[in-house]
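Take a look at the structure below.
The values are calculated or read from the model by the stated rules, or taken from the named source; none is laboratory data. Computed from a prediction, not measured in an experiment: that's the story for all the values here. Cβ coordinates were reconstructed from backbone atoms using ideal geometry, including for glycine residues, and neighbour counts include every protein chain displayed.
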Amino acid sequence: MLASNGKTIALAEAGAQVLVHYGTSIDDARSVVERIRAKGGKAEGVGAALADAEGPANVMVHGRFSGTGRPSAWIALDILRIENGQRAEHWDVLQDEATSANSVSGLPMFGTAFPG
């Protein structure tokens with residue numbers, strides 16, 4: 001999940017595995033990853049070109065948030081429009097994870113098996 005440092009750490013503390021983007025500072029990203037890992041969380045640093053020089057780019061990040069006390073995991077999709085190397089717009093969609101009983105396709109949303 002791409003988020004600010006405070007949100008990233010909070011998500012990791014809630015059980016999310018996070019990616020810390022180091023577009024401008026690999027040292028800052030490493031520091032955040034080390035803080036998360038020191039608290040038992042899962043994090044990786046990643047450097048990626050989030051925009052090309054020709055114009056805006058869209059980045060989509062798909063995630064699953066479990067262990068939050070909710071009856072089912074949340075499935076999230078964040079959509080970011082990047083322009084001139086900066087986040088210009090951000091949308092997100094959240095929904096409860098489908099169960100085998102309510103999956104229209106009969107397939108799980110993540111992996112090859114339904115949770116639980």
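Take region 63-108 and flag every residue that is touching an Asp or Glu at 6+ places or on another chain (Cβ under 6 Å) and more than 23 Å from residue 41 (Cβ to Cβ).
If the condition is that a residue be touching an Asp or Glu at 6+ places or on another chain (Cβ under 6 Å) and more than 23 Å from residue 41 (Cβ to Cβ), then 81 is the only one that fits.
Just to verify a result, which residue in region 73-85, among those that are among the aliphatic types (A, V, I, L, M) and modelled with pLDDT of 80 or more, is farthest from residue 60 (Cα to Cα)?
So, considering only residues that are among the aliphatic types (A, V, I, L, M) and modelled with pLDDT of 80 or more, the one farthest from residue 60 (Cα to Cα) is 73.
Among the residues of region 86-97, is there at least one that is at pLDDT below 75 and surrounded by fewer than 13 Cβ atoms within 10 Å (Cβ to Cβ)?
Checking region 86-97: at least one residue is at pLDDT below 75 and surrounded by fewer than 13 Cβ atoms within 10 Å (Cβ to Cβ).
Can you go through 64, 35 and tell me which one is within 18 Å of the chain's Cα centre (by Cα), among the basic types (Lys, Arg) and at pLDDT below 80?
Values: 35 fails: at pLDDT below 80.
None of the other options fit; the residue is 64.
Output the residues belonging to region 64-116 that are of a type in the set (Asp, Glu) and either in a strand (DSSP E or B) or more than 21 Å from residue 14 (Cβ to Cβ) (or both).
Those that are of a type in the set (Asp, Glu) and either in a strand (DSSP E or B) or more than 21 Å from residue 14 (Cβ to Cβ) (or both): 78, 83, 89, 92, 96.
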